[in-house]
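Enquirer: Quick one: structure below, then a few questions.
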């Protein structure tokens, strides 16, 4: 049973600790209540937390991706915690949301990292 989960007797799979609880040891049958004065909270936007029970996020979201809150991987894909940066936007490392290209520019590809990747609108068109 991995860290951040509990495994009651007879349970076929590990169960993640619920909000407000944690488990920092493997092989336990129950989670512990967050200590007084401590706040067990979701991983903040722009970061990922690879396991439960961490004292700090595992690291920033990967370039070209954005992580909302509760991301478990640095490159989430449409799992409700983030995704690949969509076309028309760019996502530097540690992005919590896609940044739109400035007015008058566009970006046809997804997964872009830098603002200077945004291209000027073609003549005769607006973006």
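Enquirer: Based on this model, can you work out whether residue 61 counts as within 16 Å of residue 81 (Cα to Cα) and surrounded by 12 or more Cβ atoms within 10 Å (Cβ to Cβ)?
Expert: When the stated conditions are applied, residue 61 passes them.
Enquirer: Taking the stretch 36-64 only, how many residues are at pLDDT 90 or above and either outside any loop (DSSP other than H, G, I, E, B) or over 23 Å from residue 91 (Cβ atoms) (or both)?
Expert: Matching residues across the stretch 36-64 total 4.
Enquirer: Let me confirm something: among 92, 98, 44, 86, which residue is within 19 Å of the chain's Cα centre (by Cα) and crowded, with 18+ Cβ neighbours inside 10 Å?
Expert: The conditions single out 98.
Enquirer: If I filter the stretch 65-78 down to residues being part of a loop (DSSP other than H, G, I, E, B) and within 12 Å of residue 94 (Cβ to Cβ), which single residue comes out as farthest from the chain's Cα centre (by Cα)?
Expert: Filtering the stretch 65-78 for residues that are part of a loop (DSSP other than H, G, I, E, B) and within 12 Å of residue 94 (Cβ to Cβ), the one farthest from the chain's Cα centre (by Cα) comes out as 74.
Enquirer: Considering the stretch 1-28 alone, what residues qualify as being outside any strand (DSSP E or B), in contact (Cβ under 8 Å) with a residue 24 or more places away in the chain and in contact with a strand residue (DSSP E or B) (Cβ under 6 Å, 6 or more places away or on another chain)?
Expert: 23, 28
Enquirer: Would you point out which residue out of 124, 94, 104 is more than 24 Å from residue 42 (Cα to Cα), in contact with a strand residue (DSSP E or B) (Cβ under 8 Å, 6 or more places away or on another chain) and assigned by TED's automatic domain parsing to the domain that holds residue 47?
Expert: That would be 104, the only listed residue that is more than 24 Å from residue 42 (Cα to Cα), in contact with a strand residue (DSSP E or B) (Cβ under 8 Å, 6 or more places away or on another chain) and assigned by TED's automatic domain parsing to the domain that holds residue 47.
Enquirer: For the stretch 79-127, give me each residue that is outside any loop (DSSP other than H, G, I, E, B), in contact with a helix residue (DSSP H, G or I) (Cβ under 8 Å, 6 or more places away or on another chain) and touching a residue at least 24 places away in the same chain (Cβ under 8 Å).
Expert: 90
The values are calculated or read from the model by the stated rules, or taken from the named source; none is laboratory data. Computed from a predicted structure; not experimentally measured. Positions of Cβ are generated from backbone atoms using ideal geometry, with glycine treated the same way; all protein chains shown enter the neighbour counts.
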